[in-house]
Structure formats: structure tokens, C-alpha cells
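Just below is one structure, and these are the notes that go with it.
The values are calculated or read from the model by the stated rules, or taken from the named source; none is laboratory data. Note that the structure is predicted; figures quoted are calculated from it, not measured. Here the Cβ positions follow ideal geometry from the backbone for every residue, glycine too, while neighbour counts run over all protein chains shown. For the accessible areas, the whole protein counts, side chains as well, though only heavy atoms, and no ligand, DNA or RNA atoms are used. Shrake-Rupley method; radii C 1.70, N 1.55, O 1.52, S 1.80 Å.
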Amino acid sequence: MPPKFYVTTPIYYVNARPHIGHAYTTIAADVLALRARMQGRDTWFLTGTDEHGQKVQRSALAAGVTPKQFADEVSTSFRALWQRMGIRYDQYIRTTDEEHRRGVQQIFTTLYERGHIYLDSYTGQYCVSEEMFVEGPPGTIGPDERPTETVTEENFYFRLSAFQKPLIDLIESNQLAIEPESRKNEVLSFLRGNANSGAETVRSDTGVPYVPGALKDLSVSRTSFDWGIPVPEPAAGITNQKHVIYVWLDALANYITALGYGDTSEAAREKLARFWPADVQLVGKEIVRFHCVYWPAFLLAAGLPLPKKIVAHGWLLFEESKMSKSRGNIVRTETILDAFGALRPDLDKEQQDRFGADVLRYFLLREIPFGQDGSFSFDALLTRYNSDLANGYGNLVSRTLKMVEQYFAGAVPEAGLSTELTLATTEAIRQVGDSLDRQEFTAAVTACGALVTATDGYITANAPWKLAKDETQRERLATVLRTAVKAIRILTALLYPVLPFTTEAVWQQLGLGSLRRAVENGEMVDLTHGGFPANARLGSLKPLFPRADKETLNRMTDAEQTPGAPATETHAEQVDPTTQSLAPMTEATPDVLTGAAEPAAATSATTPVKPDTPQITIDDFVKVDLRVARVLVAERVPKSDKLLRLEVDLGYEQRQVLAGIAQFYEPEKLVGRKVVIVANLAPRKLRGYESQGMIVAASVGDGTPALASFIEDIEIGARLR
């Protein structure tokens, strides 16, 4: 059998619809899967959605639907986006799938029967958004930078502490490979504990000191909510409470339940044995601990092999902040597909989407070294597209093939090859292969760019347009163009995993048929200087990468700033108001942002003037949803002397709200204070932040805002009527 290759993305949590941060990981996995298929490897590419947990249950309650309905809707949006982008996964798993439930209950039972799970009770600080307990007193700020909740529960616990030394030794010896090195060191630091704290240390088998007991046992069940997979027998029989399995044990198990773990059929056992362990597991750096500590510990306890390599990428930064729903700085992938797809009116809608996806794939992999944080901007995207794709690869292909068409009537010359490009193509093949083996996508794409430059230089130096004017140079002309065309064939094959749609078009223009079909049929792609049959003729030539101008930039910017507006009129789509970036607000007056009424021109310092405001009906009033909220975070907005960014807790969810009160309130004194917000006000964007509501305040004297407050202790989330 051919060698296998199993690559996974994290399964994406269904608390929000997909954005380019999700696309980044999925694109990287798709590139690795396509490359493995080009090598003739038996490939399995897994992605999916993580759909259980308290956060999903609360979000569904706030939306007025069941958790399953909520998960169905968001999961569908992920699959729809991958379809638009042409992502070729082999399996899409959902943690609500019956096969997954069966597998999770099997691994829980295995761990319990092996003595790795026990029952106990615990009081601690729980971070709802990250679905994890954290160390600290009440009010501790969790990993999501929000106060934790104090939770007392009976839980089943996994004996994580027993795996401290084995994990250290496995990671130190690279039997469990973690990349990049910075993430490996982060995990090892967590496992070792503070060896410099004065606590007694011992040394691992690799000679590294660590603090025994620094790794605590892990809660693997919850009783405070029921949206999850029930703890199975026999463990369930030792308690009279209903436990659901901890969302991270549930989610992490997907990598093996997708292959049939928990299914006793022969086919399932063969599939699991064939593909596990995973060759590469891609994760974001914020979930490294779950994948590099908890996940391998679960596997060791269950007697299963560890993944060969876990690779963590950095964050996409927009305006120097991580893209996130709470910050209101999310960029929708659809915006980019629409804007660049509009450059190709010769294509149908599906093809335009795939063209736009190629542009995004190239930019993310070329611009951002995998493993590091990287900045995203529409300006940088446009610049990279024009320089590398329109002026680079696209121009090279178009001008070379046009000369073949012009000087040889579209027939690829039969002349011999010049050795002038041999070194460049050989080096590109080596660098791309080595770089993708190390998941260094930027280096791989850069190596392709170097071959573009070398081939361009070869053509310029040999000036075929001049050779064509001299009949005695006909053989030399044929050699130059055949050499250039063969270099383009190799370049196109190297770029196929990154630009699958466009390279398929180039392959057909080269007269070589369908590259995609060859790869899907398991045919290994020839990366030698051969590859052209005798009497080969070019296919129909068409433009590849039309130059993008400011209009493309405006399409993207406008789409992200206008509620529900697509990047082009022909590509309208359903937009989720919880994840889009919306129209900018003005910063002119505090009342726009706080709800305080503008001060009327007073006739005296003590005599208020009756406001001249229109009457409303009770039906109008009940449309306004006024809610009590507690301020969790308050900070100044950079480069603004008026705005504060607040994170508030409504009880059923947490939100970000901007308020024009920076000149009147000190941010640190607002934390913990209860305020009133207009909860159903349409979101708006200002200075890169989305404001999801409005703080209610009165206007005093010369317009100083005074926040509405209460004498009584009012429950957060209570509605004002």
C-alpha cells in the first residue's frame, strides 16, 4: 500500500461564524493534504466543529433556540465556506454526531476502567469561554481576560498528575514533536513548574529539573449544565448526579473517533489502524496546552500512540489586535472571495470564489511565517497580489505562452533544453519539498517566487522576441522557449497546493490536461524536466491575474463597514450580525455612544426646560431592550480622548461596548460597576472596534454624562420595563 498521511485542523467552536482566522488553519491543512496526494500518499484530511459545552448552551438560550439548532446553523456556515473556497477535506466531523458520541464514551470508559479517572468534588474558578478551571481566588482574570465564575461541583477527575514526567521526557526527546520551538518551550515550562521557586525538584530522564506535583489532576465532567455527552456506565453508576463529559476530552477525541475509535466493526478497526497516529495536527497557539498536555496524556492513559507532530500557528492581527468576535475586528473570508472574484467576470460564480480563495491562500501563506503572529490588512493583500501574482507568476505564464503561440503556432518546441535554468528548478524543488515537510509555508512560497524571478531573468537575458527576427536563430529560439515552458510546468506543479484553481487553469493552457484530476486519481506528479508528450500543443490561453486597483480595495473596505453589504452586487449573501464589522460611527458627541441626551439650552442654572421630544407609543417603548450589565473590563481606546472600550456581562452573554465617557470616568473605577445598556441596538464600528450596544447615561449641567445606576442590588441581565 502507498504510504499514508493524516492531517487535522482543530475542530472549530460554534460560538461564532467562520472568519479568515479559521480559514488560515484550514488552508494550511489543505495545502499539506494536496501535496501528500501529489506524492501518491493515501491521504486523510479531517476538519469539523466542536458543538458542546456551557458557552454553546448559553448562546443558544440567548438566541431563543435549542443548542442543537444553534450548532446546526453555525456548523453549516463553516461547511458552506469551505465549499466556496474549494477546501477538499475527506471528513467533516461534528461532536454531535452519533459515531463521535459512541467513541467519546468508549475512551471515557477505557480511562475509568484503567484507573485513570476517579470521582471527587471541587470548588474553583471556572472560565466559561475557555471551558476550563483556573487557579486563583474569586474574580480571578481568566485566559479570556474576563473574571472567572466560582463553581462548586462533583466531578470526575483524570489523573493528569501521573503523566508529568512521561510527557516531559517524550517532548524533550522529540518523540512528541511540537513546533515551533517557542511553543515546545512553553509546554515544557508548564509541565516542569517553577523549578526556581525553591520547591524541591527532581530530574527527568533527559536531565531536566522539574517540580513534582506541579501538574494537577484535570476535571473531565460537569454537572452544572447538560449540553454534552453523558458519562457512561459503569462510571455513571457510582454517582446519583448527571454528569456530561468535559468539553475538551469530548473535542480532542474527535481525531480518533473520526477514524472509527469506539466502533467494533472490522472496517472501523482497519481505518483507525491505517491512519492513526496523525502525521500533522495543526492548532492555534491559544490551544497548545490542550493539545500538547491533555491530549497526549489521554492517549497514553488509553494505551494509544501519540501524534507524530503538533504544529501551532500564531494569531492573525488586525490593527495590531487578535481577530476576535469580542473585539469587533473580524474580517470575513467572503469579503475577499467576492472582491477578487469580481476581477474575473469571464468566470462563473463558483470559479470566481475559487479564484478569490487562491488569492487569500497565497497571501496568508506567503505573508505570515507559520507559527508567528502576523498582521493582516487589505492594503497588504492588494500589494502582494499585484506584485507576486499579477506581475510575477501570472505575467510570466502569459507572456511565455503567448510567444509560443506567436512564434510556433501554439506547438511546444521540440528542441533540446538549456541547462541555464536547471540549477534554479532543481533548487526550487528541493526548497519547496523541505519547507513543506517542516510546515514552513512562507519559505516554500518564497522558493517558488525565486523560480519565477529566475525564469523571468532567463527570458529577458535571451530575448526571444529578438531571436524571432533572425531565421538563423530559430533553433535557439525553440530551445529558449521550451526551457522556459518546462520551468513553468515545474513551477505550476510546485504551486498547485497553494493555488489549486489557477494552477489547474495553467496546466490546461500548457496542454497537459487536468492536474486536479490526475492528483485525485492518485497519480504522482512528475517534477523532472520531462512531462510534455511529443507534438504537445498549448490549450486555450486566457488571462490569469488581472491587476487589482483601488476599486478592489474599496470593495473590501466597504463590505466590512456596511451592514450586510457584499463586496459586489452579484455576490450577495446572508450575513451574521454577530460577526460582521459594521458602519463606522462618529466620535463627535458623547451622547451618540452613551445614550445621554444632549443638554438643552438652559434659561437659568436651576430651571430645566421642558424637552420638545415626540411622543411614542408603548409599542415603541417595548422594542427597546434595556438590561442591567456589570463592567468586566474598561480601557481607553488608543488615539481617542473620548472613547472607552468596555466588556460587560449581561448574565447570558458578554459583550463589547464603546462609550464616549473617557473624559469623565477613570476606566479602573468602572470595573465591577453595574450599568444599563441598550441591548438590542444594532452593532456599530468605531476605530476598529465593534460596539454591541449602548451605555445609558443622563446629561448633567454642561453635558457631563452620569451613568444610570441602582440603589438596590439588581441581578445582571435584568430587564428595565
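Taking the criterion of being in a loop (DSSP other than H, G, I, E, B) and surrounded by fewer than 21 Cβ atoms within 10 Å (Cβ to Cβ), would at least one residue in segment 16-32 satisfy it? Checked against the condition, which is being in a loop (DSSP other than H, G, I, E, B) and surrounded by fewer than 21 Cβ atoms within 10 Å (Cβ to Cβ), segment 16-32 yields at least one hit.
Here is a yes/no grid of residues against (1) modelled with pLDDT of 95 or more; (2) over 15 Å from residue 313 (Cα atoms); (3) among the small types (Gly, Ala, Ser):
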{"residue": "2", "(1), (2), (3)": "no, yes, no"}
{"residue": "6", "(1), (2), (3)": "yes, yes, no"}
{"residue": "9", "(1), (2), (3)": "yes, no, no"}
{"residue": "14", "(1), (2), (3)": "no, yes, no"}
{"residue": "27", "(1), (2), (3)": "yes, no, no"}
{"residue": "33", "(1), (2), (3)": "yes, yes, yes"}
{"residue": "39", "(1), (2), (3)": "no, yes, no"}
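Residue under question is residue 99, and the condition is that it be under 30 Å from residue 31 (Cα atoms) and modelled with pLDDT of 90 or more; does it hold?
In short, yes.
Residue under question is residue 170, and the condition is that it be modelled with pLDDT of 95 or more, part of a helix (DSSP H, G or I) and farther than 27 Å from residue 150 by Cα; does it hold?
Yes: the conditions hold for residue 170.
You will find that of 463, 380, 468, the residue that is more than 30 Å from residue 28 (Cα to Cα), touching a helix residue (DSSP H, G or I) at 6+ places or on another chain (Cβ under 9 Å), free of Cβ contacts under 8 Å to residues at least 24 places away in the same chain and surrounded by fewer than 19 Cβ atoms within 10 Å (Cβ to Cβ) is 463 and no other. Set side by side, the residues 334, 420 differ, and just one is farther than 26 Å from residue 453 by Cα and open to solvent by 20 Å² or more (accessible area, probe 1.4 Å), which is 334. Exactly one residue among 131, 154 is closer than 26 Å to residue 13 by Cα, at pLDDT below 95, more than 32 Å from the chain's Cα centre (by Cα) and open to solvent by less than 70 Å² (accessible area, probe 1.4 Å), and that residue is 154.
Reported count of residues in segment 173-216, each being open to solvent by less than 40 Å² (accessible area, probe 1.4 Å), modelled with pLDDT of 90 or more and polar (S, T, N, Q), is 0. Among the residues that make up segment 68-81, is at least one of them at pLDDT 95 or above and not in a helix (DSSP H, G or I)? No, segment 68-81 has no match at all.
Within segment 659-674, how many residues are of a type in the set (A, V, I, L, M) and within 17 Å of residue 146 (Cα to Cα)? Counting residues in segment 659-674 that are of a type in the set (A, V, I, L, M) and within 17 Å of residue 146 (Cα to Cα) gives 2.
Only one of the listed residues (71, 36, 63) is under 30 Å from residue 514 (Cα atoms) and either surrounded by 23 or more Cβ atoms within 10 Å (Cβ to Cβ) or free of Cβ contacts under 8 Å to residues at least 40 places away in the same chain (or both). That residue is 36. Flag: residue 398 matches the condition of being within 22 Å of residue 505 (Cα to Cα) and surrounded by fewer than 20 Cβ atoms within 10 Å (Cβ to Cβ). Taken over segment 258-281, the residue count meeting the criterion of being out of contact with any helix residue (DSSP H, G or I) (no Cβ under 8 Å at 6 or more places or on another chain) and hydrophobic (A, V, I, L, M, F, W, C) is 4. Within the set 103, 124, 86, the sole residue that is on the phi > 0 side of the Ramachandran plot and open to solvent by less than 40 Å² (accessible area, probe 1.4 Å) turns out to be 86.
Evaluating residue 438 against the criteria (1) touching a residue at least 60 places away in the same chain (Cβ under 8 Å); (2) surrounded by fewer than 20 Cβ atoms within 10 Å (Cβ to Cβ); (3) more than 29 Å from residue 288 (Cα to Cα); (4) among the charged types (D, E, K, R) leaves one unmet condition, (3).
Listed here are the residues, each with its yes/no results for (1) touching a residue at least 60 places away in the same chain (Cβ under 8 Å); (2) open to solvent by less than 20 Å² (accessible area, probe 1.4 Å); (3) over 23 Å from residue 718 (Cα atoms).
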| residue | (1), (2), (3) |
| --- | --- |
| 631 | no, yes, no |
| 644 | no, yes, yes |
| 674 | no, no, no |
| 678 | yes, yes, no |
| 697 | yes, yes, no |
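Among the residues here, residue 515 qualifies as touching a Pro at 6+ places or on another chain (Cβ under 9 Å) and open to solvent by less than 20 Å² (accessible area, probe 1.4 Å).
Within segment 120-146, residues that are among the aromatic types (Phe, Trp, Tyr) reach partners that are modelled with pLDDT of 85 or more and open to solvent by 50 Å² or more (accessible area, probe 1.4 Å) with beta carbons closer than 7 Å, at six or more positions or on different chains, in the pairs 126/149.
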